[in-house]
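Notes for the one structure printed next.
Only the coordinates and a few stated rules stand behind these numbers; no lab work does. Everything quoted here is computed from the prediction, not taken from an experiment. Please note: Cβ atoms are built from the backbone with ideal geometry, for glycine as well, and neighbour counts cover all protein chains shown.
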Amino acid sequence: MRISVIGCGYLGAVHAACMAALGHQVVGIDVDPDKVDALNAATPSIFEPGLGDALAAELEAGRLRFSTDYADAAEARVHFIAVGTPQRRGEGAADLTYVHAAVEALVPHLRPGAVVVGKSTVPVGTAQLLAERIHADQPDASLVWNPEFLREGVAVADTLHPDRIVYGIPAGDEGDRARAVLDEVYADALASGTPQVVTDYATAELVKVAANAFLATKISFINAMSEVADAVGADVTHLADAIGHDPRIGRKFLNAGVGFGGGCLPKDIRAFRARAEELGIGDTLGFLREVDAINLRQRDRVVDAIAGALSVNDGDRYFGSDSSTGSLVGRRIAVLGLAFKPESDDIRDSPALDVAVRLKGLGADVVCADPKAIPNARAKHPQLAYASTAEALAGAEAVVLLTEWREYRDLDPAAVAAVASGRIVVDGRNVLDPDAWRAAGWTYRGLGRP
Ligand code: UDX
């Protein structure tokens, strides 16, 4: 099948490479010439495990190329729309500028029988409008809404082996024809038994935001439990294990910590709420405001935990009265992790980076480390100091783990104690072994862990 992928960011670049890996003939279109050049050289500007190798293999095989020219998409039968839908500045709603621009640019090149496939996360109701726009120029083309559920860090595997395939299709013969075309694209996954849900546009659009709203709610639920645990001296990690054994609840996404970030969960719950307001049912999703608030409060809790631990350890330098953040002034703090999650260099809405910025703003002498995200972090926050993990730890009065990269989970407390100047560790992801760190002389603070 000849395929175009419009928009070659986190989603589109992975999707293009994976569609080529399935044997399709793929052209990726992006308006950014630097991005296109990098992808054509198999050197993506994002860090995503396996993406560089997949690009190299498919470029070499001649099944994949990237271009800035929409005319190069004209030969394709299937056109995936994979552009971003960021949060509108100063508002919760999604900015659909790129989606509309992509469709406008694509429409003149659509051939009869072409199928446009929406992958971007959009407010419910968008697909119907785009279908009308497409039909106005090319009545024999169709739109399918096919939300994407890939997770950064495992995006290639998620795309090649999705846990479900969802289509929102138009009614009648048009929908049946479009579905048959897309079934050909996903023939391998369907043949291997991947569950498929075929529905209408609105439901398909909602599936994506509902899934992300549920995941965000699950994380904020356990983070709320971690606050309760702190209040009573309970252990939220044991609580999560215990309730997670109930298959109706499940253990995944019950890790309390500094909270969720990234390019999807935070913006998607805000856009979902904004859309509900527009639909006159704002109260129905009012709980998502609380989900967002709990999530953001985790960042305050981490900062407070660091300040509290430092003030206890150094009474003379504690100037705080109702807040202990005065204890942060001039203190050397090693920040381990900047990306919003491990195996990614993505710093969009990263809780880790936000905590680093707050600590710096409160006067701390912050040195930040991350295996992959430093270039992105430095471009956005040049005021922060960046270093290798060893340099960040050397002389640190407090160590704070904010992204659970394997190398941070595996830190040897005795080895860190040999280079740090203080013995305070704040585990913003609840992944370290408190007993091991305490045995090595550390004051350990997690979130909701005694
Ligand atoms: C998410 C969805 O999982 C994916 O299906 C959708 O397509 C895009 O949005 P992603 O943003 O890559 O994927 O990250 P995800 O793995 O969902 O993690 C989101 C955030 O939640 C991260 O910051 C992570 O650290 C945090 N998280 C996750 C927790 O704080 N606790 C958990 O238990 C799980």
(request) On each of the three principal axes of the Cα atoms of the range 270-409, give max minus min coordinate, whole Å, ordered largest first. (result) 55, 38, 27
(message) Quick check on the chain: of the DSSP beta bridges with both residues there, what percent are antiparallel, nearest 5%?
(response) 5
(request) Provide Rg over Rh for the range 259-311; use the alpha carbon set for both Rg and the Kirkwood Rh (inverse mean inverse pair distance). (result) 1.17
(message) Check which residues have an amide H placed less than 5 Å from Ala339's amide H, if you skip close sequence neighbours.
(response) Ala373
(request) Specify whether the C-alpha gyration tensor of the chain places it in the rounded, prolate or oblate class, a ≥ b ≥ c being the square roots of the eigenvalues: rounded for a/c under 1.5, otherwise prolate if a/b is larger than b/c and oblate if not. (result) prolate
(message) Within 10 Å, at most 14 other Cβ atoms, and a DSSP state outside H, G, I, E, B define an exposed site. Report the longest part of the chain free of exposed GluC sites (Glu not before Pro).
(response) 92-450
(message) Compute for the range 90-144: radius of gyration divided by Kirkwood radius, i.e. Rg/Rh, restricted to C-alpha atoms, rounded to two decimals.
(response) 1.00
(message) Just to check I understand the Karplus step: with θ = phi - 60° and J = 6.51 cos²θ - 1.76 cosθ + 1.60, what whole-Hz values come out for the range 244-254, glycine and proline as x?
(response) x, 5, 6, x, 6, 9, x, 7, 5, 6, 10
(message) Roughly how far apart, in whole Å, are the Cα centres of the range 333-354 and the range 363-426?
(response) 11
(message) Counting pairwise Cα distances across the range 71-179, what percent come out greater than 16 angstrom?
(response) 61
(request) Take the cross-link list Lys218/Lys360; Lys218/Lys380; Lys208/Lys252 and give me the ones stretching past 20 Å between alpha-carbons. (result) Lys218/Lys360; Lys218/Lys380
(request) Any chance you could tell me what percent of the C-alpha pair distances in the range 127-181 go past 16 Å? (result) 52
(request) Report, please, the projected area of the range 333-450 averaged over directions, based on the convex hull of its C-alpha atoms, in nm². (result) 6.5
(request) May I ask you to list the trypsin sites (Lys or Arg not before Pro) in the range 147-227 that are in a DSSP loop and have at most 16 other Cβ atoms within 10 Å of their Cβ? (result) Arg151, Arg164
(request) Give me the Kirkwood hydrodynamic radius of the range 201-352, using the inverse of the mean 1/r over all pairs of distinct Cα atoms, in Å to one decimal. (result) 17.5
(message) Could you tell me the calculated FRET efficiency between Asp300 and His135, based on Cβ-Cβ distance and R0 = 51 angstrom, to the nearest 0.05?
(response) 0.55
(request) Sum -39500 (n - 2.57) across every DSSP H segment of at least 4 residues in the chain, then divide by the residue count to get the 222 nm mean residue ellipticity, nearest 500. (result) -13500 deg cm²/dmol
